[in-house]
1. Quick one: in segment 24-55, of everything that is of a type in the set (Phe, Trp, Tyr) and touching a strand residue (DSSP E or B) at 6+ places or on another chain (Cβ under 7 Å), which residue is most open to solvent (accessible area, probe 1.4 Å)?
2. Report whether or not Ala25 is more than 15 Å from the chain's Cα centre (by Cα) and aliphatic (A, V, I, L, M).
3. Please enumerate the residues belonging to segment 94-121 that are more than 12 Å from Thr23 (Cα to Cα), aromatic (Phe, Trp, Tyr) and open to solvent by 40 Å² or more (accessible area, probe 1.4 Å).
4. Limited to segment 57-85, what total is found for residues that are open to solvent by less than 60 Å² (accessible area, probe 1.4 Å), free of Cβ contacts under 8 Å to residues at least 40 places away in the same chain and within 15 Å of Ala24 (Cα to Cα)?
5. Between a residue in segment 19-40 that is at positive phi and any residue that is loosely packed, with under 13 Cβ neighbours inside 10 Å and outside any strand (DSSP E or B), which pairs come within a Cβ distance under 8 Å, given they are 6 or more apart or on different chains?
6. Taking segment 94-121, which residues are touching a Lys or Arg at 6+ places or on another chain (Cβ under 7 Å) and assigned to a strand (DSSP E or B)?
Amino acid sequence: QVRLVESGGGLVQAGGSRRLSCTAAGPFGTYAMGWFRQTPGKEREFVSAISWSDSPIYADSVKGRFSLSRDGSQNTVYLQMNSLKPEDTAVYYCTADRYYSGRASNAYQYWGQGTEVTVSS
């Protein structure tokens, strides 16, 4: 069973930066990993994802501000968030899947517990 552990959430001022981390534990192979976010009353929204071998993809709302990368072991991803806006406030969820690396949340198999990011204006 794959387990995803997120960290890095917290309170940040608008215009600031924050880095989220997600580490996969368990029998983890060439999985894609990514991030979604969710605010109360709204559906989970795609943020970014990266496959085992391709470049990351981003939602239009974060393109140019967020950057997703994987470490050398490939079981940890980092979401560097710059120029944060109040509308980036959400619970951020790490996700992973053996086969899928796209934008549809219901296609991912594994999810973390979420880490909250609050951007104050």
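1. Of the residues in segment 24-55, the ones of a type in the set (Phe, Trp, Tyr) are 28, 31, 35-36, 46, 52.
Cutting the leftovers down to touching a strand residue (DSSP E or B) at 6+ places or on another chain (Cβ under 7 Å) gives us 31, 35-36, 46, 52.
Values: Tyr31: 23, Trp35: 0, Phe36: 1, Phe46: 20, Trp52: 100 Å².
For segment 24-55, the residue satisfying everything is Trp52.
2. Values: more than 15 Å from the chain's Cα centre (by Cα): yes; aliphatic (A, V, I, L, M): yes.
So Ala25 fits the description; yes.
3. Answer for segment 94-121, where residues must be more than 12 Å from Thr23 (Cα to Cα), aromatic (Phe, Trp, Tyr) and open to solvent by 40 Å² or more (accessible area, probe 1.4 Å): Tyr99, Tyr100.
4. Total meeting the criteria: 3.
5. Close Cβ pairs satisfying both conditions: Gly26/Gln1.
6. Scanning segment 94-121 gives Val117, Val119.
The values are calculated or read from the model by the stated rules, or taken from the named source; none is laboratory data. Everything numeric here is computed off the predicted structure, so don't read it as measured data. Here the Cβ is made from the backbone with ideal geometry for all residues, glycine too, and neighbour counts use every protein chain on show. What goes into the accessible areas is simple: the full protein's heavy atoms, side chains included, and nothing from ligands, DNA or RNA. Shrake-Rupley method; radii C 1.70, N 1.55, O 1.52, S 1.80 Å.
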